[in-house]
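Read the figures in this text as sums done on the coordinates, not as results from a lab. Owing to the predicted nature of the structure, the values given are computational and were not obtained by experimental measurement. Cβ placement follows ideal geometry from the backbone for every residue including glycine, while neighbour counts extend to all protein chains displayed.
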Amino acid sequence: MPGSSLAAAIAWRCATRTKSTKALKGKGVPACGAAPSDGIDDADQVLAGDGKAHYLKVTSMSNNGIRKVVIVGGGTAGWMTAAPLALKLGGRCEIVLVESPEIGTVGVGEATLPTIRYFNHALGIDDADFVRKTQATFKLGIEFKDWGHVGNRFFHGFGDFGPPIDNRPAYMYWLRLSRAFKDMPSYEQWSMATAMARNNRFAPPHGELPSITDAYSYAYHFDASLYAAYLRDYAMQRGVARIEGMIDGVEQHPETGFITALKLRDGRRVEGDLFVDCSGFRGLLIEGVFKAGYVDWSVMLPCNSAQAVPCAKAAQLTPYTTSTAKSAGWTWRIPLQHRTGNGHVYCDGFTTDEEAGRVLLDGLDGEALGEPRQLRFTTGRRRKAWIKNCVAIGLSSGFLEPLESTSINIIELAVGWLIQYFPNRDCRPELADEFNRLITERYEFVRDFIVLHYKVTERSDSAFWRYCADMPIPDTLKHQIELFRETGHMAIYDPQGFSTSSYFSILMGLGVVPKQDDPLIDAMQFDQLLGHFASRREIITQTVKAMPEHAQHISQHCRAP
């Protein structure tokens, strides 16, 4: 993947896969090695979410420049905000983070997308050090079980199914062959990431030139609380001040309505010019002060509850997340070096908390390390995430269930956009409008991709799945499904979002097979196609066989103490 700028670090396209083998390759990442050296040399270059380089003119701040940024709330969102701000603004304005040990963090976002690597690299974080200190493992994608119908199993990997052929995606040619030859192997055998996952193997991509063997990416599973602590140390070493205390009130300017200070329970005041709300679901500032309002998506994403519990680590350390559909939701399994993270996301209108807890505990593959922790949520987003001099990041800006591990990625993007559109003290509303447009689009694009998993189903074994099959969905998603079903083509509204390969993996995995082939793919003869696919498949098979097992790679390069 391209790694030449911090902007590229959190470009969404890098998150999920590449559009072709060629697009995937750029700078290779050594085995748990140091971050690329070409991404953070320019102190003025900043993280951004649009794939372009942006520069922050802070070397000579005007009299109207931000003098103090106050971040409300720690946890993953708070410290993921503080760390890049410390890197980019350190010494130019004061950065303070206020948190209280009396308020817990959600801490279940342990699975990520590949952009987390580029976010870390942008901060100059060493891969091996990060993996060791967060008990991390590697993630090649997500295995889905019982989605679509009971007994179904498919994989959404971080990679494609081969480079385009005559400007058509490789999967179209696989579809043509599968119609002609009933014994044609599954399309998944042409996915490098899937083949690695199925064989429990892992090694990072390497080499400088595009190749079949490097046509994949990877992310991490990690302990979210350890990652927050890791970034806390990073940020504080670069000048971020941490204040421990409970916020008891908020002061506002009588004319502008801007927040001017936080009042702590012990009487202290924390003044600031820009306030970042990372307070979680409650949205202490964005909702508590500015009444931003909330767009509720429960009609098409009905799950509203979750229970989470860790268990003893399994004998086999798998390089992927597992999502298993249940009668009223789904469970996750996330392997870490020291334990396995587990959870059950469900709708309490179709089951009870007691039954959901039983389903969760019965599915563990190790001894439970405590009692399940109960969580409640409403899927949706704030109507505005930036109002006046307050910007909401993380759960305070919205929530989408972690089915495709998008929560941390949305934090990455929001932080990047905040830096890209960093304001003066007047916090021009045009900057807020652009930030709000971008974050709204991101939430809606991700929402549709998650809704797809529920809507396209043959399951009728429970009231929950019958509801999902009949529920209304956005017209945009309806068009995507029908276009693929009828023609094999894909409508991608967000070029930096989930790609054609990702949609293909989910649609085919759920049983949506195009009714006809693209009329322009008939030019290549069957023998040519068969030779092409056979050669690629053999290279993938042999390359995967030569790789170490996932646990062996970690043991050799980045095992936690």
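Brief remarks follow.
- Take the Cβ atoms of Val295 and Gln237, set R0 to 30 Å, and the FRET efficiency comes out at 0.20.
- Here the calculated FRET efficiency for Gln316 and Gln252, from their Cβ-Cβ distance with R0 = 60 Å, stands at 0.65, rounded to the nearest 0.05.
- Computed about the Cα centre, the dipole magnitude for the range 358-495 is approximately 640 debye when only Lys and Arg (+1) and Asp and Glu (-1) carry charge, each at its Cβ.
- Semi-axis lengths, largest first, of the ellipsoid equivalent to the chain are 39, 26, 24 Å, with √(5λ) applied to each eigenvalue of the Cα gyration tensor.
- Trypsin sites (Lys or Arg not before Pro) within the range 134-212, DSSP loop, no more than 11 other Cβ atoms inside 10 Å: Lys182
- Computed from the C-beta positions of Asp461 and Glu355, the FRET efficiency with R₀ = 22 Å rounds to 0.90.
- Put simply, when 247-253, 422-428 are sorted by average Cβ atoms within 10 angstrom per residue, most first, you get 422-428, 247-253.
- Under the combined filter of DSSP loop state and at most 12 neighbouring Cβ atoms within 10 Å, the range 225-332 retains these trypsin sites (Lys or Arg not before Pro): Arg265, Lys291.
- Alpha-carbon centroid distance for the pair the range 359-400 / the range 519-559, whole angstrom: 37
- Hull-based mean projected area of the range 403-561, where the convex hull spans the alpha carbons, in square nanometres: 16.9
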